[in-house]
Amino acid sequence: MSTTQDSAQGPVTRQELEEREASVLIPQAMRSRQSRGRQHDESEHAYRTTYMRDRDRIIHASAFRKLEYKTQVFVNHEGDYYRTRLTHTIEVSQIARTAARALRLNEDLTEAIALSHDLGHGPFGHKGEYVLQELMAEHGGFEHNAHGLRVVDVLEHRYPRWRGLNLSYEVREAFALHSPKDPTTLGFEKGRQPSLEAQLVDVCDALTYVAHDCDDGITSGLVTDRQLRETELWSEHWERMLAEEPDLPPRLQVASTVKRLINAGVTDLVESTRARIEAAGATSPAEVQGHKRRLVGFSTPMHRLQRSLSRYLYEHFYCHPRLMRMGAHARRILTAIFEAHQQEPRLLHAEQRAWAEEVGLERAICDRIASMSDREALDEHASL
């Protein structure tokens, strides 16, 4: 009976979805109808809101697909188990969506920001970014958030009438306000906080990589669960796991602890953020962005625990000699590729040479390298 009735009622329209947002979301959340629009005018879609279209465009972008072969911590050929930029992005999106739904924020905007937040990363993770920063120091610099905005605004080319993905202002603003650059240099207002949805993705990103780098670190053998028990946060959840699930094999002990770590973090984040929003007195997205401080975040005790674990990972995992050697290898590869193209621009393809005429040789080379997956960079280096 209900199936027939639903069929007779027809598909859910964009207007109905927008009405749902109006009735379900808190006043401080962004609504699709409130979007400041796109750089290039487009007609609205019949069945998708503005932020749903943003999410879909990001998923179909070539830069998104390449995240599968870009380093999170371990280079892709180190093993199939380890997180890549793509799996990390999906995990951030899932956690952020859960928190957004609990807080009654705009889940579609949150998802679009989460799925796009790492599009500006080049090959070989943060080590690759440091190399590009050095190579571009005298040519306008490089920073992955600002470059991510560049990716979605001009480097993706999927439409005949304009460059870029023509995303909404709110998704694009998330790149600019997360970048250490002056947002006015990127075309955005100075002195504004990010939207609640963008703030949420930022915190969920950190929560995700701390928890999952514990997992990858233990799996790789570069750090042990015994070492991590030196930190209060890991030790607390490890002990609870042993008390509640005493018969788990070692591999599941780690998985269960990671799961508990994430659950505790998300629960604290949701409860602390809800209280902070209520206390702030902001009654609209505009007032949130004009507030003196960010409203999304952990409680003070959880923030301290998360930072302590993150600091421990930096000292004992990210700075492990094996990962430092990988970083040195990345430096040699990217520097050689950059300098070879700088000395002989004809190594660039015709389309890239035309782009260099518009933006300058070094910027075009940087755009090319930043777009590469780890595998592409290794192949390019070998071919040189």
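The values are calculated or read from the model by the stated rules, or taken from the named source; none is laboratory data. Since the structure is predicted, the reported quantities are computational estimates derived from the model, not experimental observations. Quick reminder, even Gly has a Cβ in these numbers, built from the backbone with ideal geometry, and neighbours come from all protein chains shown. To get the accessible areas, we keep the full protein, side chains included, count just its heavy atoms, and leave off ligands, DNA and RNA. Shrake-Rupley method; radii C 1.70, N 1.55, O 1.52, S 1.80 Å.
Taken as a whole, the structure leaves Val131 outside the set of residues that are among the β-branched types (Val, Ile, Thr), within 20 Å of Thr49 (Cα to Cα) and either crowded, with 23+ Cβ neighbours inside 10 Å or touching a helix residue (DSSP H, G or I) at 6+ places or on another chain (Cβ under 6 Å) (or both). When region 258-276 is limited to residues that are of a type outside the set (A, V, I, L, M, F, W, C) and surrounded by 18 or more Cβ atoms within 10 Å (Cβ to Cβ), the one that is nearest to Ser235 (Cα to Cα) turns out to be Arg260.
Only a single criterion out of (1) under 20 Å from the mean Cα position of the chain (by Cα); (2) touching a residue at least 60 places away in the same chain (Cβ under 8 Å) is not satisfied by Gln227, namely (1).
For Ala137, the stated conditions do not hold, so it cannot be described as modelled with pLDDT of 95 or more, farther than 22 Å from Glu42 by Cβ and part of a helix (DSSP H, G or I). Applying the set (1) of a type outside the set (Lys, Arg); (2) within 15 Å of the chain's Cα centre (by Cα); (3) crowded, with 21+ Cβ neighbours inside 10 Å; (4) in a helix (DSSP H, G or I) to His126 leaves exactly one unmet item: (3). Restricting region 175-209 to residues that are polar (S, T, N, Q) and touching a residue at least 12 places away in the same chain (Cβ under 8 Å) leaves a set whose member that is nearest to Asn263 (Cα to Cα) is Thr208.
Looking across region 71-87 at every residue that is assigned to a loop (DSSP other than H, G, I, E, B) and either touching a helix residue (DSSP H, G or I) at 6+ places or on another chain (Cβ under 9 Å) or open to solvent by less than 50 Å² (accessible area, probe 1.4 Å) (or both), the one that is modelled with the highest pLDDT is identified as Arg83.
Looking at this structure, is Ala279 open to solvent by 30 Å² or more (accessible area, probe 1.4 Å) and within 19 Å of Ile26 (Cα to Cα)? Spelling it out, Ala279 is indeed open to solvent by 30 Å² or more (accessible area, probe 1.4 Å) and within 19 Å of Ile26 (Cα to Cα). When region 20-70 is filtered for residues that are of a type in the set (Gly, Ala, Ser), part of a loop (DSSP other than H, G, I, E, B) and in contact with a Ser or Thr (Cβ under 9 Å, 6 or more places away or on another chain), the ones remaining, listed by number, are Ala29, Ser35, Gly37, Ala46, Ala61. Residue pairs whose Cβ atoms lie under 9 Å apart, sitting 6 or more positions apart in sequence or on different chains, and linking a residue in region 315-337 that is under 17 Å from Ser220 (Cβ atoms) to a partner that is open to solvent by 50 Å² or more (accessible area, probe 1.4 Å) and assigned to a loop (DSSP other than H, G, I, E, B), are His316/Glu230. Counting residues in region 305-325 that are open to solvent by 50 Å² or more (accessible area, probe 1.4 Å), modelled with pLDDT of 95 or more, within 30 Å of Arg276 (Cβ to Cβ) and out of contact with any Phe, Trp or Tyr (no Cβ under 6 Å at 6 or more places or on another chain) gives one or more. Across region 75-98, a minimum of one residue is classified as within 22 Å of Ala255 (Cα to Cα), aromatic (Phe, Trp, Tyr) and in contact with an Asp or Glu (Cβ under 9 Å, 6 or more places away or on another chain). Of all residue pairs spaced 6 or more apart or on separate chains, those with beta-carbon atoms under 7 Å, a first member in region 292-313 that is small (Gly, Ala, Ser) and a second member that is surrounded by 14 or more Cβ atoms within 10 Å (Cβ to Cβ) and in a loop (DSSP other than H, G, I, E, B) are Ser308/Thr231.
The residues in region 196-229 that are open to solvent by 10 Å² or more (accessible area, probe 1.4 Å) and outside any helix (DSSP H, G or I) can be counted, and the count is 4. Looking only at residues in region 240-257 that are of a type outside the set (A, V, I, L, M) and within 20 Å of Leu207 (Cα to Cα), the one that is most open to solvent (accessible area, probe 1.4 Å) is Arg240. Confirm whether Val152 is in a helix (DSSP H, G or I), farther than 28 Å from Gly265 by Cβ and in contact with a Phe, Trp or Tyr (Cβ under 8 Å, 6 or more places away or on another chain). So Val152 fits the description; yes.
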